[in-house]
1. Please go through region B:187-201 and pick out each residue that is assigned to a loop (DSSP other than H, G, I, E, B) and away from chain A (no Cβ under 13 Å).
2. Within 19 Å of residue B:180 (Cβ to Cβ), surrounded by fewer than 21 Cβ atoms within 10 Å (Cβ to Cβ), touching a residue at least 24 places away in the same chain (Cβ under 8 Å) and within 14 Å of chain A (Cβ to nearest Cβ): which single residue out of B:273, B:254 fits that description?
3. Kindly indicate whether any position in region B:65-72 is over 16 Å from residue B:120 (Cα atoms), outside any strand (DSSP E or B), in the same structural domain as residue B:104 (by TED's automatic domain parsing) and in contact with a strand residue (DSSP E or B) (Cβ under 9 Å, 6 or more places away or on another chain).
4. Which condition from (1) over 23 Å from residue B:289 (Cα atoms); (2) within 14 Å of chain A (Cβ to nearest Cβ) is the one that residue B:183 breaks?
5. For region A:132-141, does any single residue satisfy the condition of being more than 14 Å from every other protein chain (Cβ to nearest Cβ), under 16 Å from residue A:336 (Cβ atoms) and out of contact with any helix residue (DSSP H, G or I) (no Cβ under 6 Å at 6 or more places or on another chain)?
6. Which is over 30 Å from residue A:31 (Cβ atoms) and touching a strand residue (DSSP E or B) at 6+ places or on another chain (Cβ under 8 Å), of A:317, A:310?
7. Working carefully through the options B:93, B:135, B:75, find the one that is modelled with pLDDT of 95 or more and out of contact with any strand residue (DSSP E or B) (no Cβ under 7 Å at 6 or more places or on another chain).
């Protein structure tokens, strides 16, 4: 096929924002990332950021090409025209495999079934299909779509998800931490102050607002208190070119706090990167809890809890604030993912 | 200062080829790399490639700006106009600190003395001042230049160099492996064949040509034999934008061989990355030998030798070819360099 012609005719916004048009038709093996997030959840933005670093650091001889979420349909048609036998198709990671975020799950189904003849992977995910009639129906739809693709690997980012994926799909399942934990960022040294509450305002929220108010009042007695979320509300979209900027801004926000209190998995992970003491509460289906238990329990400045007694929490927070933040090394835990992408052509 | 005006007036070729012009005047802390190589030594190209990855992976909140070697003088004048108090000045690593490559040593002196009021670093180097009158004169010139800068850190990539730097300069000296060993590239899986001799044709060469011919004849009895060098002769320059391409091409060349025989430090390092059995001979002042002894001795498919007896070498090569290539983990050995760049502003 005439590469130049394809490019001129078909390159709509959101297809390949991260490479030059000519790179789409060079002779490198291609890795396509579908579902690259344009929405303002900085956790999911950080995941896409980490996915790109992961591929570029380990496999610079591949051409890594992103397709933004809003261009999924056009992207599928476009990639079908340029994809070659040994190329790899990816769908971005996160906490959206299941029945809670159907727009994303529908895109994942489309991509997985459209590229059934190609090596395909869903980057590290948490899975949750609701135990309702609708949840079961959606599970069936995902099974039907995924099972069309015999070359599919699913990646679980906690053991709970690993078991669920194994129990739900016939696909190959592997197990690694969340992609953001593969980043090697050394934190900036910013003056710290106050307590930052990073709290969900979505359907996964289970932290009681009365309890939150009580906790904020308690914290406010001795220091300044702010409340925010890792989902930005003041902008509508984050496109590829602005991803790093917003991610680093959020890291600075977390890293300039004395303490973070959150029910967001990625507020916990951003606290780990910035060495910020952090107390973590759960969401509706335990993704922060299980990531903590599976990978992060040895961190002395991060604690997961379901406790709601203020005195007990105060003792916990005291311990976190006094700890000299330690390191854990998860680098080798990404080896299953490295092995997946390893060049198997001879 | 008016950033836009500066940019329009002064941006000559070779200044900041790796960033957009507007990034030169954003409010990020800047890291300037001087001496970015345009010459065709793929070892030095790989070093610059690894330096950029190192900064971008660990410190994405810095703006990393390269100045090509041929633009050193204009680059110094330009950087003087935009540099701010907490910015960092770097000179690229390699095996050229000393009296052997005076054009580079002169550039390093200029950069180190021009930015004496700024945090300054010379990336991991091997050092060799010849023990001649001229060598001692050049050493004195370097001492005079380096000692103007009280904020200078020198990085040694082997213990021999560490001792020499400590004995020669009053500057802070730290110790890490060669930058290329910080890369995380997973090797391509390419069909292997033949023995590749990668041999110097420069003033550091000590391997006797008679011995080389004997060795090549011996190898040629059972397999195909080729001879090359990590310095390309068929092109004149490699500019920033082509660096990765030529580096990966050399990796493929090494990685498609059954065995590499070399007196080049970076042919050894490229063999490590690509898991290619490799027998290493010395150069004039022991840089491959000392890197091997200090960091790499545990690798079962790489061996350094001064042996010239063919029977002995045959036994050695047999062992290398039979080994299932093992891994060593040098990631933590770069910590002194991470600590240097760590944001120390509060």
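The values are calculated or read from the model by the stated rules, or taken from the named source; none is laboratory data. In this text the structure is predicted, and so the values were computed from the model without any measurement. Cβ placement follows ideal geometry from the backbone for every residue including glycine, while neighbour counts extend to all protein chains displayed.
1. Correct list: B:194, B:199, B:200, B:201.
2. That would be B:273, the only listed residue that is within 19 Å of residue B:180 (Cβ to Cβ), surrounded by fewer than 21 Cβ atoms within 10 Å (Cβ to Cβ), touching a residue at least 24 places away in the same chain (Cβ under 8 Å) and within 14 Å of chain A (Cβ to nearest Cβ).
3. Yes, some residue in region B:65-72 is over 16 Å from residue B:120 (Cα atoms), outside any strand (DSSP E or B), in the same structural domain as residue B:104 (by TED's automatic domain parsing) and in contact with a strand residue (DSSP E or B) (Cβ under 9 Å, 6 or more places away or on another chain).
4. Checking residue B:183 against (1) over 23 Å from residue B:289 (Cα atoms); (2) within 14 Å of chain A (Cβ to nearest Cβ), the one that fails is (1).
5. No, the conditions are met nowhere in region A:132-141.
6. Sole residue among the options that is over 30 Å from residue A:31 (Cβ atoms) and touching a strand residue (DSSP E or B) at 6+ places or on another chain (Cβ under 8 Å): A:317.
7. Unique residue meeting the criteria: B:135.
The rows are residues; the columns are (1) part of a loop (DSSP other than H, G, I, E, B); (2) within 21 Å of residue A:283 (Cβ to Cβ); (3) in contact (Cβ under 8 Å) with a residue 12 or more places away in the chain.
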{"site": "A:125", "(1), (2), (3)": "no, yes, yes"}
{"site": "A:185", "(1), (2), (3)": "yes, no, yes"}
{"site": "A:203", "(1), (2), (3)": "yes, yes, yes"}
{"site": "A:206", "(1), (2), (3)": "yes, yes, yes"}
